[in-house]
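Scroll down for the structure; my scribbles are underneath it.
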Amino acid sequence: MSTLSVSAAASASAGPAVTLSAAGRRAQSPQITRLMTTALQTPGLLSLAAGFTDNHTLPLAAVQSAVATLAREGAADPEFLQYGTNQGRPGLRRLLAARLAAKEPSLDADALAARTFVTNGSQQALYLAIQVLCEPGDIVLVDRPSYFVFLELLQGMGVRALSIPVDDAGLVDGEALRARLRQLRAGGERARLKAVYFVSCFSNPSGRTLTLAEKETFADALVAEDCVVPVIEDAAYRELWYNRPPAAPGVLTLPQWSAFPRLYLETLTKTFASGLKTGWGVCTDDRWLHVMLHTKGHQDFGTANFSQAICEHALASGAFERQLAAIRPTYAAKMRVLHETLHDAGLAARGWRWSEPEGGLYLWLRAPEGTDTGMESAFCKACLREGVLYVPGDLCFGDDVPKNHVRLSYGVLAGDALREAGRRFARAAGCGKTFEQKPRR
């Protein structure tokens, strides 16, 4: 058996440079990787950055029970350890479809199951959707603010993110959207608009949920300007409500969206066990669905069958519902801890503004005008000196980027650690210095 020696490896690395594709040349290290590396390499740092779930809430007993049951009942034929199907386990798809139909009774569970597919987290579904729709230079309308990992995905594909206009209250502005769409047409760019994307429930990063009126206004504006393009509703946090579920139905139900090719996404990652990396979607358009599945087949031949089998057992046994019942009050309490810590430390008195979300994992803060909270800003460095990390809000905008926003996640930390992280953040905000934006050139 031949081996590659250290000297041979060094010699190989000194050879001709690898010629990258255009996609390879666009590839950059994800910001979330940079944030995670900073957290790991800085002793004592408390992270309010990564949107991870709390290890102490993960369903260890439910997973143990699922594995034991699968092993016992599948002893003669442990099919769950074999390759699965590209679209996903039929039993899991039926359970997911039935759950969605229970939330939106006008939907038919059997029809949904046929159009449901399972992915390696909802992130893979997002990548597949854009990969088969867009060419470099194309345009995707995104919510404002938007999921920053999705924005980086677009950037890596050479796709331009264009923000959906909002009013001073952060609500979708239908008239401004129509004006923006007319501008695209006047500039000869209408044909490059390939999709619309938004996080509908307890948004990452803003924590807010789109109202029924917003969803209707949004669709009406697109139809009025002859922009019926594929729409992606990312409902990853729909099940993470605190006191009551979101009132507005999704794009699969609302008649205003019926003419659109629709992709509705949820995940079992945030709601059950993040390490299982199991997301799912429903696509109303045959061609779009089939091409995404063809592409997925080239990538992985199907999401891990074992992870799917565990999720299927959790849904069928009631363990998933029990997990939701446990984590909803946990995250609601953690949100209140961070909110009250920041408020009691005087952050609001210093001009910072935020709202208490009714679900999800995030607080979305707006600093006083003129404050720069970017990754290289003086404020960010002050936070690192205090020993706390956050997600700079400028990462969460597709265009016309403000610099004075911050996303804080209360998913991981708890109790005293969460309070201390909030106090450190507040100390950095009130340390007697002004962190002004650099003049634009």
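The values are calculated or read from the model by the stated rules, or taken from the named source; none is laboratory data. Note that this is a predicted model, so its numbers are computed, not measured. Neighbour counts run over all protein chains shown; Cβ positions are idealised from the backbone, glycine included.
I'm trying to understand the selection: among the residues of the range 117-141, which are of a type in the set (Phe, Trp, Tyr) and over 11 Å from residue 153 (Cβ atoms)? Passing the criteria: only 117. Contact map, the range 416-441: first residue under 12 Å from residue 379 (Cβ atoms) and at pLDDT 85 or above, second residue among the small types (Gly, Ala, Ser) and in a helix (DSSP H, G or I), Cβ cut-off under 6 Å, separation 6 or more or different chains; pairs are 428/382. Restricting 382, 426 to those that are out of contact with any Leu (no Cβ under 6 Å at 6 or more places or on another chain) and surrounded by fewer than 24 Cβ atoms within 10 Å (Cβ to Cβ) reduces the list to 382. Restricting attention to the range 88-106, the residues that are surrounded by 15 or more Cβ atoms within 10 Å (Cβ to Cβ), under 23 Å from the mean Cα position of the chain (by Cα) and not in a helix (DSSP H, G or I) total 1. Give all pairs with beta carbons closer than 6 Å in which a residue from the range 166-180 that is loosely packed, with under 14 Cβ neighbours inside 10 Å meets a residue that is of a type in the set (D, E, K, R) and at pLDDT 95 or above; count only pairs at least 6 apart in sequence or on separate chains. Qualifying pairs under 6 Å: 167/173. Under the condition of being among the β-branched types (Val, Ile, Thr) and surrounded by fewer than 21 Cβ atoms within 10 Å (Cβ to Cβ), which residue from the range 121-154 is nearest to residue 294 (Cα to Cα)? The extreme case among them is 132.
Between a first residue in the range 291-303 that is surrounded by 13 or more Cβ atoms within 10 Å (Cβ to Cβ) and a second residue that is part of a helix (DSSP H, G or I), which pairs have beta carbons less than 7 Å apart while being 6 or more apart in sequence or on different chains? Close Cβ pairs satisfying both conditions: 291/132; 292/128; 292/129; 292/132; 295/128; 295/131; 295/132; 296/128.
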